[in-house]
Amino acid sequence: MNLLSSLYGRLQQAELDVLTAVVGLVLAIGLFPLRFLSSQIFIVTLPLILGTGCVLYLLAARGTGTTTGLPTLAPSISRLLSAGIFLGLAAILVIAVKQGERSVLFLQVGGVVGAVLLGQILLSPAEELRPSVFLTQILVYSFVVRFAALYTTTGYIGIDIWSHTTFVQMVLEADSLAAISDVKYYASPLFHLVTAAATNLLDVSLRNGLYLSLGVVMPLIPLFVYGTARLLVPLRWALVATTLYAMGDQVVRWGMHLIPTSMGLVFFLACLYSLVRITHASERWRDFGLLVLFSTAVILTHQVSSFIMLVLLISGFLAQILLRFDFFTENPDPLSFTGGGSNPVNLAGLVVFNLGLIVFTWSLTPYKGDTFLETVLSYFYVNLFNAGFLTGVSGSGGSTGASGTTGSAGPTFLSQVSTYVTEAGFLLLLFAGVIGCLTVLKRSRSNQTTYTFVGSIVTMLFVVLGLPLFGIESFVPGRWVGFLYALLAIVGVVGFRHLANRTTLKVIGVVLLLFTLVYPNVMIMSNDGAMDSPVFTDQHERLSYTDQELAAVETFSSARPTGEGGELYTDLPYGTVWERTDAYPAEPLPTSDGKPMPQGITAYRSYQSESASYFERNQTESVRNLNPSKTEVCPGATNYVYSNGHVTICTRPVP
């Protein structure tokens, strides 16, 4: 008993932030040798990110006073930069219209404009920080980057969107949800209902109905991040958090690939804002009502988003329990948050309500011949049974393509560059999150909000980075990153503010200069943020299609019904368009000795010979970038039944 009392007393005296930083540094050193087992990018970089963040925080923890903060620009220069940013945004819009795509030039100029925007927010004098001006710049940037992709692309961008628009079309034709009664979104139909309603109310095509409803909302969601951050930090840092989030590649991704995940992200950010208002700014019933409303909307929209939202609420509930212990409290720190709630808010009822509603809806949701709940639990059990350390990590270290396939050979220099450009923005944001989490762990800053953020970030990182190491991907970790970005951006600016006030200008200057120059450029060129027109065309598949490619789908499916001739074989991701639009059953084109093997019905497109596409090596693995010629896919011995100059469909002669 005396030992427990002594331990409790030591914990009361210990600084949790410093202790965590020391543990983090030791952990980083311990994880460093894993790079000799795998060259996977996160295994190589995460120990460096974690170690550097802990070292910087420990250096800042030694400071006892405040510094002068960041230097500022002259007001005239700040105003000039504002004009330059709008001119730059107009320029990239003209580039997109003239070139008919988001070209490399578009992305390069967009990256420069983003860097200037972020730098201006960091360095503008306080009297020039007008929220209306800077938020307008951020939102215009968001609209231009996303809508330049949406309206220069024929059809849709992405894979799943083709299925969801097919479901919406079925609902419109039947004028009832009964049309998708055998689909897992039957019990979570909000995306499909909103899209169908917008199409009817605006009297436009389904594509324009989607773009003018959810498509318009997605560039506005950084406002939720601004509102949340503004409850915690001063104006400048709230604007920085908003900018970091608006530029995030995964955020841009869900603004182009408009599916239930996108709408789930909208409601999740609304939940985050409402929750922080409850735990940090107020305890009004109005805010509780909004939180219940938005959390229910998430559940009625998307299953994965529901689980992410539940992680946030459970973290808030656990924070409420932790704060019952008095060793988490101390005299307020002069550099603590703006505002701040006092007593923990009881979230137990809200957690129970949402958990019950999730179990209820998932029990009603049909999925692969069973309920969604039973299928997910079954998949998780199988993955858990087959789990093993580094099971899900390839030695090459690249992320896999959107189709879920893997490369056939070791990494090339270009593939490594592509991987690091794609992940660099996430790693920078993670670095900021490490410093921010350590900052809010200081006992004088401890409140329910801070521990909710830390608990959510740790849990989400475990799902995104930890479970895949063991081959467990039942929770679809790729869908979590866009949600995680919001938490990292908000907590990250808390850490930046702490460094700016506790370290020398050289230290914080190097950190923020790195972010300003690198972050906007790598985010806009990331494969995830450039699905419509990848910068590295040989390393990442283009998830958009040309007029000729979509014309082939429509024409051939109309001329030859799906019951005649079996399946069509082509590359991935092109085959997904045939399959998900119910145009024709499609399979990946098999290969032998690095050469494609023509099947009964085979579709060749010129893209297969020029850029990244995937073919089936065997039933469990695919190979990419064979770059076959047209005659290899459709030899002269086959019958050419369709051709439009870019797509050729051939059939093997009947013996």
Sorted by accessible surface (1.4 Å probe, heavy atoms of the protein chains only), largest first, LYS630, LYS506, LYS595 come out as LYS506, LYS595, LYS630
For the stretch 263-315, averaging the sequence separation of alpha carbon pairs under 8 Å that lie six or more residues apart and dividing by its residue count, the contact order in percent is 43
The relative contact order of the stretch 185-240, taking Cα pairs under 8 Å that sit 6 or more residues apart, comes to a percentage of 21
Once normalised by the length of the chain, the mean sequence separation of its alpha carbon contacts under 8 Å that are 6 or more apart gives a contact order in percent of 17
The correct pair for the stretch 422-491, radius of gyration to one decimal and Dmax as a whole number, both in Å and from Cα atoms, is 12.7, 40
For LYS368, counting only lysines whose alpha-carbon sits under 26 Å away and dropping same-chain residues fewer than eight positions off, the answer is LYS184
Sorted on mean Cβ neighbours within 10 Å (highest first), peptides 198-208, 139-149 come out as 139-149, 198-208
Cβ-Cβ cut-off under 10 Å around SER163, Lys and Arg +1, Asp and Glu -1: the net charge is -2
If each part is reduced to its alpha-carbon centroid, the stretch 239-312 and the stretch 491-535 end up apart, in Å, by 23
Helix 547-559 sits off the longest principal axis of the Cα atoms of the chain, rounded to the nearest 10 on a 0 to 90 degree scale, by 50
For the chain, the longest principal axis of the Cα atoms and the Cα long axis of helix 413-440 enclose an angle in degrees, to the nearest 10, of 30
Using alpha carbon centers only, the stretch 129-201 is separated from the stretch 629-644 by a whole-angstrom value of 37
As a percent rounded to 5, the proportion of antiparallel DSSP bridges among beta bridges in the chain is 75
Env charge @ PRO596, Cβ radius under 14 Å, K,R +1 / D,E -1, value +1
Length gained, GLN99-ARG284, 0.36 nm per residue minus C-alpha separation, equals 61.4 nm
The summed charge of the ASP571 Cβ neighbourhood (under 12 Å; Lys/Arg +1, Asp/Glu -1) stands at -2
The size of the Cβ-based charge dipole (Lys, Arg +1; Asp, Glu -1) of the chain about the Cα centre, to the nearest 20 debye, is 1920
Heavy-atom accessible area per residue of the stretch 603-651, all protein chains kept, 1.4 Å probe, expressed in Å², is 44
Quick calc: nm separation of the 7 Å Cα→Cβ label points for ALA348 and THR154 -> 6.1
Taking N as the residue count of the stretch 574-655, its alpha carbon Rg divided by 2.2 N^0.38 Å gives 1.04
A chain fully extended from ALA91 to SER176 at 0.36 nm per residue, minus the present Cα-Cα distance, gains in nm 26.1 nm
Sorted on mean Cβ neighbours within 10 Å (highest first), peptides 541-552, 350-361 come out as 541-552, 350-361
Everything considered on the Cα gyration tensor (a ≥ b ≥ c; rounded for a/c under 1.5, else prolate if a/b is larger than b/c, else oblate), the stretch 198-305 must be described as oblate
So the angle from the long Cα axis of helix 2-13 to the longest Cα principal axis of the chain, reported in degrees to the nearest 10, equals 80
Computed, not fitted: 222 nm per-residue ellipticity of the chain from DSSP H runs ≥ 4 (each -39500 (n - 2.57)), nearest 500, equal to -18500 deg cm²/dmol
Length gained, ILE321-SER363, 0.36 nm per residue minus C-alpha separation, equals 12.1 nm
Cross-link reach from LYS506 to lysines, straight Cα distance under 30 Å and at least 8 residues apart if same chain, gives LYS442
Share of accessible surface on carbon and sulfur in the chain, whole %, 1.4 Å probe and ligands ignored, is 64
Between SER557 and ALA126, the two model label points (7 Å from Cα along the beta-carbon direction) sit apart by a distance in nm of 6.0
Sorted by chain and number, the residues with a modelled amide H under 5 Å from that of TYR367, at a separation of 5 or more or across chains, are PHE372
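The values are calculated or read from the model by the stated rules, or taken from the named source; none is laboratory data. Bear in mind that the values here come from a model prediction, so they are computed numbers and not experimental data. Neighbour counts run over all protein chains shown; Cβ positions are idealised from the backbone, glycine included. For the accessible areas, the whole protein counts, side chains as well, though only heavy atoms, and no ligand, DNA or RNA atoms are used. Shrake-Rupley method; radii C 1.70, N 1.55, O 1.52, S 1.80 Å.
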